[in-house]
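A short worksheet on the structure shown next.
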Amino acid sequence: MCRMIAAVGRFEMGPLVDAVRLMASNANPAYDHELRAEGGALVHDCGWGVAFREGGRLVRRRSAASCLDDPEFDSLSGVETDLVILHARRTPHRDTIDVLNSHPFLQEWRGEEWAFCHNGAVSDLTQLRSDSSLQPAGGIDSELLFHHVLTLLDTNRAAESLAEILHEIRDFTSLNCFLATSESIAVHARMSPDTSRPLYYTPWVARGGDVAVVSSEVVSQIALEWERIPDGAAFVLGP
């Protein structure tokens, strides 16, 4: 399970960095979910990553270190951008903690650079397809899911196509994800119908002025009006 934020507009990343760290520490007072009572026993400390627009292209940074105490994560605070996705990873499979498995994943595909991050797990990997030109660097389920999406994606209607592709996936905890290019971020929200953690897997959107944000949790660092994203929804994030 992971925590993540996407934003478009024009901003410094400081409040987003603070929000990700707060969510990752499992100590966010602005939002409650089923795993909150576990406190510091459930932290999202298995690596972090970011992709943001700079000079008309996506720049990615990621690490296998915990975002809770990594100075490199702090250094993002002063970065100004108008499009970003941020991710803090948590996995019970500690042997997979590696920078190659830190989201977002980045891939050149059909003349465009794509970045992808995901919250959840896909258990049955046999249902995931991949074009032969797409070779996983790490090979965890989220990277394989990314390649599955790219293989089937209609790039002219990314959000709708993303939802259609993921609608066919079975045996998962959540398929909440961001699929970004240097121009836009497609957002999809979907949790297992059998989940015992609907609050944990419910993403939220906030809009105000020329900024729009999607987050795994409501966070007070983003002083906008938050709305729950309906399960199954897909849209392009815009101000």
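The values are calculated or read from the model by the stated rules, or taken from the named source; none is laboratory data. Since this is a predicted model, take the numbers as computed values, not measurements. Heads up, the Cβs are rebuilt from the backbone with ideal geometry, glycines too, and the neighbour counts pull from every protein chain shown.
A compact table of results
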quantity	calculated
Count of residues meeting criterion [more than 27 Å from Ala212 (Cβ to Cβ) and either in contact with a Phe, Trp or Tyr (Cβ under 8 Å, 6 or more places away or on another chain) or part of a helix (DSSP H, G or I) (or both)] in the stretch 38-69	6
Of all residues making up the stretch 218-239, the number that are farther than 17 Å from Val84 by Cα, at pLDDT 95 or above and in contact with a strand residue (DSSP E or B) (Cβ under 8 Å, 6 or more places away or on another chain)	8
Residue that is nearest to Thr81 (Cα to Cα) [pool: residues in the stretch 208-217 that are out of contact with any helix residue (DSSP H, G or I) (no Cβ under 8 Å at 6 or more places or on another chain) and either of a type in the set (Gly, Ala, Ser) or buried (at least 18 other Cβ atoms within 10 Å of the Cβ) (or both)]	Ala212
Unique match (being crowded, with 19+ Cβ neighbours inside 10 Å and either out of contact with any strand residue (DSSP E or B) (no Cβ under 9 Å at 6 or more places or on another chain) or in a loop (DSSP other than H, G, I, E, B) (or both)) among His87, His103	His103
Among the candidates Leu179, Leu199, residue that is buried (at least 22 other Cβ atoms within 10 Å of the Cβ) and touching a residue at least 24 places away in the same chain (Cβ under 8 Å)	Leu179
The lone exception for Leu145 - which of (1) within 15 Å of Ala234 (Cα to Cα); (2) in contact with a strand residue (DSSP E or B) (Cβ under 9 Å, 6 or more places away or on another chain) it fails	(1)
